[in-house]
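The values are calculated or read from the model by the stated rules, or taken from the named source; none is laboratory data. All figures in this text were calculated on a predicted structure; none of them were measured in a lab. Neighbour counts are summed over all protein chains in view; Cβ atoms, including those assigned to glycine, are modelled from backbone coordinates with ideal geometry.
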Amino acid sequence: MKLLRTTALSALLMLSASGFAQQLASRPMVIVDEADTMRREPPPHGAIGSSTAYRISDAVPGRTMEFRKRILQPGSAIGLHRIAHDEVYYVISGTGAVSSGAVTQPVRTGVAAYLFDGETVGIRQTGEDPLVLIIAYPIPR
């Protein structure tokens, strides 16, 4: 009986220690206000026109992905560039034309373009209003 109690107590202590270790290893969430990340800069990959960048995930330590918002002003573009990961452009508002390889497709509010590793991609603003995008992709490890 004593052996059973000792074994049960040992198991309980191991579970408690395991739970404590998991609590130490877990990370709390990070809240980022996009206003704190805003900067006006030329769009990447060619500096075509002007844009406002919100590098939202830059404030997150130990992150494994990028999450950004970018506003492309009329006539602006993220120039063609080869990507080494999958990437998503999600249109919050405005219209544009996204390219991947030899294909160019129009995009508008509510449309996502899923772009694949190894492709040459880019997006340009079209129409009268700025093109507002969310861009997300993994960080290579």
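If you go through the stretch 40-60 and keep only what is within 24 Å of THR95 (Cβ to Cβ), outside any loop (DSSP other than H, G, I, E, B) and not polar (S, T, N, Q), you end up with ARG40, GLU41, ILE48, ALA53, TYR54, ILE56.
ARG63 - would you say it is of a type in the set (D, E, K, R), modelled with pLDDT under 95, outside any helix (DSSP H, G or I) and over 17 Å from LEU131 (Cβ atoms)?
Working: of a type in the set (D, E, K, R): yes; modelled with pLDDT under 95: yes; outside any helix (DSSP H, G or I): yes; over 17 Å from LEU131 (Cβ atoms): yes.
Yes.
Scoring ILE71 on the criteria (1) of a type in the set (Val, Ile, Thr); (2) buried (at least 16 other Cβ atoms within 10 Å of the Cβ); (3) closer than 24 Å to GLY118 by Cβ leaves a single failure, condition (3).
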